[in-house]
1. Most mobile of S271, S292, S344 per a Gaussian network model of the chain (Cα springs, under 10 Å)?
2. Restricting to DSSP loop positions (anything but H, G, I, E, B) with no more than 14 other Cβ atoms inside 10 Å of their own Cβ, which trypsin sites (Lys or Arg not before Pro) remain in the stretch 160-236?
3. Scan the stretch 18-53 for trypsin sites (Lys or Arg not before Pro) in coil per DSSP, keeping those whose Cβ has at most 15 other Cβ atoms within 10 Å, and list them by number.
4. What Rg and what Dmax come out for the chain when only alpha-carbon atoms are used, in angstroms?
5. Can you give the calculated 222 nm mean residue ellipticity of the chain, where each DSSP H run of n ≥ 4 adds -39,500 (n - 2.57) and the sum is split over every residue, rounded to the nearest 500 deg cm²/dmol?
6. Can you sort M1, M373 by solvent-accessible area, 1.4 Å probe, largest first?
7. Given the protein chains as shown and a 1.4 Å probe, how many square angstrom of S394 are accessible, to the nearest 10?
8. Using DSSP to define loop residues, name the GluC sites (Glu not before Pro) in the stretch 8-93 whose beta-carbon has at most 11 other beta-carbon atoms within 10 Å.
Amino acid sequence: MPIWRPYTIHCEGLSEPLRIVRAQGSYLYTDEGRALWDGTCAWWVTIHGHCHPFIAEAIANQALTLDQVLFADFTHPLAEALVEKLAKLTGLSWGFFSDDGSTAVEVAIKVALQYFYNQGEKRNRILALEGAYHGDTFGAMSVSHRTLFTQAFREFLFEVEWIPFPRDQNEANLLNILNEIAQRKDIAAFIGEPLLQGTAGMRPYASHYWDWIAGAVRKAGGLIIADEVFTGFGRTGTLFAVDQCKEKPDILCLAKGLTGGFLPLGLTLVSEKVFEAFYSPEPSKALYHGHSYTANPIACAAALANLTLWEQPDTVIRYRNLVRKQAELADLWRARYPAIPAWSIGPLFAVALPTPAPGYFAEHRYKLKSFAMERGIFLRPLGNIAYILPALSSLPEELERAVEVVEAYTVETGISV
Ligand SMILES: *Cc1c(COP(=O)(O)O)cnc(C)c1O
């Protein structure tokens, strides 16, 4: 099939993808009728389970009512209700819609830079966290860690200053850097994933580090951008990761789980203060950014249905059980295999598989993936980091089974000693 797939090495001899024709709850079904338990939430987007009937119905009804409208000239009740609800949850009252996580980040960066431009203030430095991943468009690549992914474009990416990934061992160094940052006058913004870097290898960090970094940037007069494209919708133990932080962002990016995993939709929420810099009859002060499908009503209907599901007591119970189960499994793992680091955060379970060459291209990535696939489980390790991110439809015994498969892999490959 002449279809160019994302993040895929196309080359003779590499295995062809399976064809998925149906999904339900935590399972994907191939055209040959095989069931695969999805341990990735379909690349981190599925929240309540595949084909959840409540979201599916909201989409079907909306598709028969209002499919699409030009959002520069019109608004619609679903976009309004969605921004209103999220404003209540985040304290950020203005919403700018786009199509996905990368575009939500592009909008955030453009808004931050133009915020100062509109006020005639020269600030052009952007800070990001080492190891960051914020998407694949040029601005998003620029604020992301330089890796093999961005190597071919390196000279076209704008410069960013990197803050060391916070760890207890580098606290003193981090504090020094932040003290300097707090004195500066050229910082426009800091962008970071609060509490958990996803693509970097499911790396969690304590909330006080976010507060330190955001506090220093705020002192310097810069804006705080929280990229919650991955961490949003329960990935870290609360609906949003910043719910656990004292320093709140000025700008917040949402996508991935926003529609419960049904449709692409990006949303950049900003504070009243940020929006005020754009509130002017002066044409040069408007934000000239937009996408054809901005605030697509069907995607907004899915996002509203997702939020409604989060309000159900049943969802909260399922969520808490999932979080508790993953924490238990991580405890058990640590007791059994002290040499293989394991951790959990929210509904996520992860282990760092020992390897002489850690990183995204560590061979565990391919080997564990096919090992698990043969056992009916779909995992997509980030190099030597194996993680299990289940949808809310998952049962405790399915989580146990997924961890058992990772364990069996470590035994089989002899790395569990
Ligand atoms: C996935 C991701 C993005 C990019 O989102 P897309 O929808 O894939 O463009 C941005 N930021 C973070 C933190 C992500 O995990």
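1. S292
2. Passing both the DSSP loop test and the Cβ count: R167, K185.
3. Details: sites: R19, R22, R34; in loops: R19, R34.
Those satisfying the criteria are R19, R34.
4. Reported Rg and Dmax, both Å: 21.5, 68.
5. Values: 12 runs with 149 residues, N = 417.
The helix-only estimate for the chain comes to -11000 deg cm²/dmol at 222 nm.
6. Output order, biggest surface exposure first: M1, M373.
7. Ignoring ligands and nucleic acids, S394 comes out at about 10 Å².
8. On the way: sites: E12, E32, E57, E80, E84; in loops: E12, E32.
Passing sites in the stretch 8-93 are E12, E32.
The values are calculated or read from the model by the stated rules, or taken from the named source; none is laboratory data. These figures come from a predicted structure and were not determined experimentally. Here the Cβ is made from the backbone with ideal geometry for all residues, glycine too, and neighbour counts use every protein chain on show. Accessible surface areas use protein heavy atoms only, side chains included; no ligands, DNA or RNA. Shrake-Rupley method; radii C 1.70, N 1.55, O 1.52, S 1.80 Å.
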